[in-house]
Amino acid sequence: MRFKADEIVSVLQTEIDQYRSKLEAREVGRVLEVGDGIARIYGLSGVMAGEMVEFTRTGARGLAFNLEENSVGLIILGDYLEISEGDEVRATGQLLRVPVGDAVIGRVVNPLGQPLDGKGDIVTTLSRPVESVAPGVAGRQPVNQPLQTGLKAIDSMTPIGRGQRELIIGDRKTGKTAIAVDTIINQREENVICIYVAIGQKEATVARVVESLRHHGAMDYTIVVTASSADPAPLQYIAPYAGCTMAEYYMYEQGRDTLCVYDDLTKQAAAYRQLALLMRRPPGREAYPGDIFYAHSRLLERSAKLAERWVIVPRSADDSKVGHDWGVNRRPDGKGIVYVGPLEKEHAEKHDLPKHPDCKLAKVVGSGGSLTALPIIETLEGEVSAYIPTNVISITDGQIYLQPDLFFAGVRPAVDVGISVSRVGGKAQIPAMKQIAGSLRLDLAAFRELEAFAQLGTELDKATQSQLDRGYRIVELLKQPQFHPMNVIDQVMVIYAGTKGFLDKVKMPHVQAWEEQFLRFMREQRSDVRTALAKERKLSPALEKQLAAAITAFQPQFVPPSNGRVS
Amino acid sequence: MNQNEAQDLHTSTADVGEQRVARVYAEALLNAAEKRDQADAVIEELDALVGEVFGADPQLEAFFSSGAIGRDQKAQVIRSAFDNRASELFVNFLLVLNEHERLNLLRPMLATARELRDQRARRIHVEVRTAVPMPDDQRERLREQLRDSLRLEPLLDTRIDPDLLGGLLVRVGDWLYDASVRARLQSIRDQLIARSSYEIQSRRDRFSSPDGD
């Protein structure tokens with residue numbers, strides 16, 4: 001490609017014409033010692049905690065971490081090997097910011113927002129500070145919309161709502177990342193922006209995740225932030241905050257729903273511990289610093305379901321453009337009244353709207369976004385009572401617990417439904433799922449109790465045996481291969497079939513084949529029932545009857561696979 | 001880093017405990033000296049000891065700092081070396097330090113004493129760097145202006161740094177005022193790079209000609 005030289009010259013010329021030299025005043029200090037991603041600085045007496053500083057010679061950036069009587073402790077974001085004793089450091093007067101917005105979508109970046117995927121610079125003027133304050137009570141609303149993971153075991157029994165924080169916890173190699181990646185892939189139709197933050201992982205693992213996201217078309221709406229195990233601890237430490245910031249842009253400024261996966265916070269805690277110890281902050285339990293809880297709680301607190309804001313506008317107003325200052329009713333100071341959250345909205349509907357004839361209540365564009373967090377914690381030998389796991393369990397709104405035993409027994413995803421909970425997600429489930437999930441839980445609980453008996457080889461009565469059989473089939477039904485997220489309507493139909501006993505006659509190894517053929521049947525021959533269910537989103541008695549009839553009609557058509565299981 | 005800066009770094013210590021102790025002694029020394037109107041002289045003596053004597057004979061510093069040598073022995077050496085050669089006040093100061101086993105803190109004490117002396121006399125050290133030696137009238141003007149803006153008596157510490165190319169660089173405490181040609185070239189370079197890469201990335205077609213490649 002040839003360049004148009006005159007165009008380049010003109011750009012440079014205008015820039016030189018407009019150049020105004022101004023006296024550069026900066027506060028400076030000098031490096032006393034440097035190593036392991038931290039530096040101690042003499043000078044910089046006016047620097048603020050958390051302020052970004054710059055090493056004049058190398059251009060590397062750092063953050064003021066410890067302010068001491070005679071020196072300042074910095075964490076170095078970037079290559080610390082090039083920095084040497086005596087180097088000048090200058091204060092920038094700014095907080096650390098990362099680029100946000102559409103320019104970052106589909107990219108793989110480091111925690112400073114610099115591209116790692118070789119696709120060129122990220123060109124944007126949009127940025128947000130990495131550390132920001134979580135929305136307060138008034139700015140939020142309860143979780144009320146589901147975030148579909150596409151996994152039957154999770155969407156039915158530990159449902160996740162938009163704005164919720166659901167922990168994924170389990171030993172190594174139990175499929176934690178697989179759940180997160182499947183959830184991201186399932187957001188394709190859901191209009192959710194996804195951020196995958198990889199902390200302290202192998203570059204090869206991250207490359208594999210990125211490749212599977214790309215393969216399934218998920219990079220169109222996903223940002224991958226990575227600080228691998230080879231990156232210095234400061235980058236690993238700030239990575240989740242940077243990822244959260246990129247999601248917040250969409251939540252606050254565009255009113256979009258977002259999903260943030262932090263994979264995993266155990267490694268972030270270890271990176272923070274390293275920094276804190278090098279900075280000589282006093283070690284606490286397991287040598288973690290005293291504020292390790294705060295490091296995680298302030299991160300996870302930033303996930304939220306923001307309250308919708310409403311204004312009273314003329315009936316002719318364009319709903320897609322409503323701004324927060326459009327309200328026809330004004331406060332004494334002249335500002336338009338904005339109703340925040342469901343309570344104020346109700347007040348507006350009942351009291352204020354009738355006073356303004358020919359007006360309507362309209363949602364302010366860009367309000368009501370959400371940030372759902374899926375933090376991941378790796379346990380050692382199933383030890384959930386270790387320090388970091390208990391901390392994060394207590395911060396989040398529930399956890400999905402993955403068991404190695406289940407994983408190796410072929411139950412994948414290896415969700416232990418007995419101890420996995422979701423504290424708020426149930427409110428967000430679609431009604432149809434809520435209707436069938438209750439009996440599913442009970443069936444499984446009864447099954448687990450009986451399963452222990454059955455292993456003793458005792459003679460069982462018929463009722464017990466049938467309960468056992470039902471349980472085995474439901475467990476079989478909840479298995480799901482990776483990268484095959486399932487639509488929630490499909491989930492409702494198959495789980496309905498399972499809990500109502502339509503599968504009792506199907507041989508256990510055939511359950512998955514049955515499911516596949518049944519879903520195809522419903523799509524091709526009884527799409528009326530499927531469409532009705534998708535529209536109503538709940539199982540009315542009439543619809544339930546239709547669904548049952550459809551299943552009965554399908555039963556004779558089921559062709560058991562000839563040779564064991566067919567995937 | 002030039003020699004002066006190396007020395008600055010060397011006299012500054014990050015050890016907060018040492019600094020605190022050094023401050024106590026430095027303050028006491030200054031107070032005693034001011035009563036006799038010998039403040040500047042005493043600091044000069046301390047400076048000569050740390051700079052010239054220790055510089056010429058590093059073993060002496062090791063001897064003073066060593067815990068292996070008894071107080072009495074050190075006192076004897078101090079008396080025989082400094083009596084009649086240094087002021088009475090200074091010799092007493094060294095003996096007191098010896099009594100309290102603080103002779104190892106002479107360097108931070110010197111730095112703190114200088115700092116305190118400047119503070120009390122409302123003086124401030126200003127480092128001025130230029131590419132070529134500054135004419136006297138310019139230096140006077142700079143001094144005037146600094147005096148007006150800082151409201152303190154500036155003690156100019158001029159250094160020549162050809163790397164600056166032109167202009168000057170003034171350093172007051174932790175603040176650096178950079179009006180050098182080097183800094184201006186650097187800033188125009190950064191701006192040009194940022195501007196052109198932004199233009200190129202935001203409208204790639206503008207710079208590529210269709211007939212090329």
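Evaluate region B:108-117: report whether one residue or more is in contact with a Phe, Trp or Tyr (Cβ under 8 Å, 6 or more places away or on another chain), of a type in the set (A, V, I, L, M, F, W, C) and more than 30 Å from B:R182 (Cα to Cα). Looking through region B:108-117, at least one residue is in contact with a Phe, Trp or Tyr (Cβ under 8 Å, 6 or more places away or on another chain), of a type in the set (A, V, I, L, M, F, W, C) and more than 30 Å from B:R182 (Cα to Cα).
Scan region A:481-512 residue by residue and report those that are of a type in the set (S, T, N, Q) and surrounded by fewer than 21 Cβ atoms within 10 Å (Cβ to Cβ). Matches in region A:481-512: A:Q482, A:N487, A:Q512. Scanning region A:282-297 for residues being in a loop (DSSP other than H, G, I, E, B) and either surrounded by fewer than 19 Cβ atoms within 10 Å (Cβ to Cβ) or without any contact (Cβ under 8 Å) to a residue 12 or more places away in the chain (or both) gives a total of 4. Just so you know, in region B:170-190 the residues that are facing chain A (nearest Cβ under 9 Å), under 20 Å from B:A131 (Cβ atoms) and hydrophobic (A, V, I, L, M, F, W, C) include one that is surrounded by the fewest Cβ atoms within 10 Å (Cβ to Cβ), and it is B:I188. In this structure, A:M279 qualifies as in contact with a Gly (Cβ under 8 Å, 6 or more places away or on another chain), surrounded by fewer than 22 Cβ atoms within 10 Å (Cβ to Cβ) and of a type in the set (A, V, I, L, M, F, W, C).
Has region B:77-88 got any residue that is touching a residue at least 24 places away in the same chain (Cβ under 8 Å) and either assigned to a helix (DSSP H, G or I) or among the charged types (D, E, K, R) (or both)? Within region B:77-88 (the criterion being touching a residue at least 24 places away in the same chain (Cβ under 8 Å) and either assigned to a helix (DSSP H, G or I) or among the charged types (D, E, K, R) (or both)), the answer is no, since none of the residues qualifies. Can A:E383 be described as among the charged types (D, E, K, R), surrounded by fewer than 19 Cβ atoms within 10 Å (Cβ to Cβ), in a loop (DSSP other than H, G, I, E, B) and not assigned by TED's automatic domain parsing to the domain that holds A:G498? When the stated conditions are applied, A:E383 passes them.
Yes/no per residue for (1) within 21 Å of A:G113 (Cα to Cα); (2) of a type outside the set (F, W, Y); (3) buried (at least 21 other Cβ atoms within 10 Å of the Cβ); (4) touching a residue at least 60 places away in the same chain (Cβ under 8 Å):
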{"site": "A:Q18", "(1), (2), (3), (4)": "no, yes, no, no"}
{"site": "A:K22", "(1), (2), (3), (4)": "no, yes, no, no"}
{"site": "A:A39", "(1), (2), (3), (4)": "no, yes, yes, no"}
{"site": "A:Y42", "(1), (2), (3), (4)": "no, no, yes, no"}
{"site": "A:S45", "(1), (2), (3), (4)": "no, yes, no, no"}
{"site": "A:M48", "(1), (2), (3), (4)": "no, yes, no, no"}
{"site": "A:N66", "(1), (2), (3), (4)": "no, yes, no, yes"}
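On the stretch given as region A:188-204, residues that are surrounded by 15 or more Cβ atoms within 10 Å (Cβ to Cβ) and at pLDDT 95 or above total 10. When every residue of region A:309-324 is checked against the conditions, at least one turns out to be over 17 Å from A:H356 (Cβ atoms), under 32 Å from the mean Cα position of the chain (by Cα) and assigned to a helix (DSSP H, G or I). Would you say B:I193 is exposed (fewer than 15 other Cβ atoms within 10 Å of the Cβ), more than 21 Å from the chain's Cα centre (by Cα) and within 14 Å of another protein chain (Cβ to nearest Cβ)? So B:I193 passes the test.
Taking the conditions (1) without any contact (Cβ under 8 Å) to a residue 60 or more places away in the chain; (2) buried (at least 24 other Cβ atoms within 10 Å of the Cβ); (3) under 20 Å from the mean Cα position of the chain (by Cα) in turn, A:S228 satisfies each one other than (2). In region B:72-83 there is no residue matching the filter, namely being of a type in the set (D, E) and under 30 Å from A:E68 (Cβ atoms).
The residues listed here are A:L74, A:L112; of these, the one that is under 16 Å from A:P240 (Cβ atoms) and in contact with a Leu (Cβ under 8 Å, 6 or more places away or on another chain) is A:L112. If I ask for residues that are under 25 Å from A:E203 (Cα atoms) and in a strand (DSSP E or B), which ones from region A:104-142 would you list? Of everything in region A:104-142, those that are under 25 Å from A:E203 (Cα atoms) and in a strand (DSSP E or B) turn out to be A:V108, A:V109, A:P115.
The values are calculated or read from the model by the stated rules, or taken from the named source; none is laboratory data. These numbers were taken from a predicted model, which means no experiment stands behind them. Because the Cβ atoms are built from the backbone with ideal geometry, glycine has one as well, and the counts that use them run over all protein chains shown.
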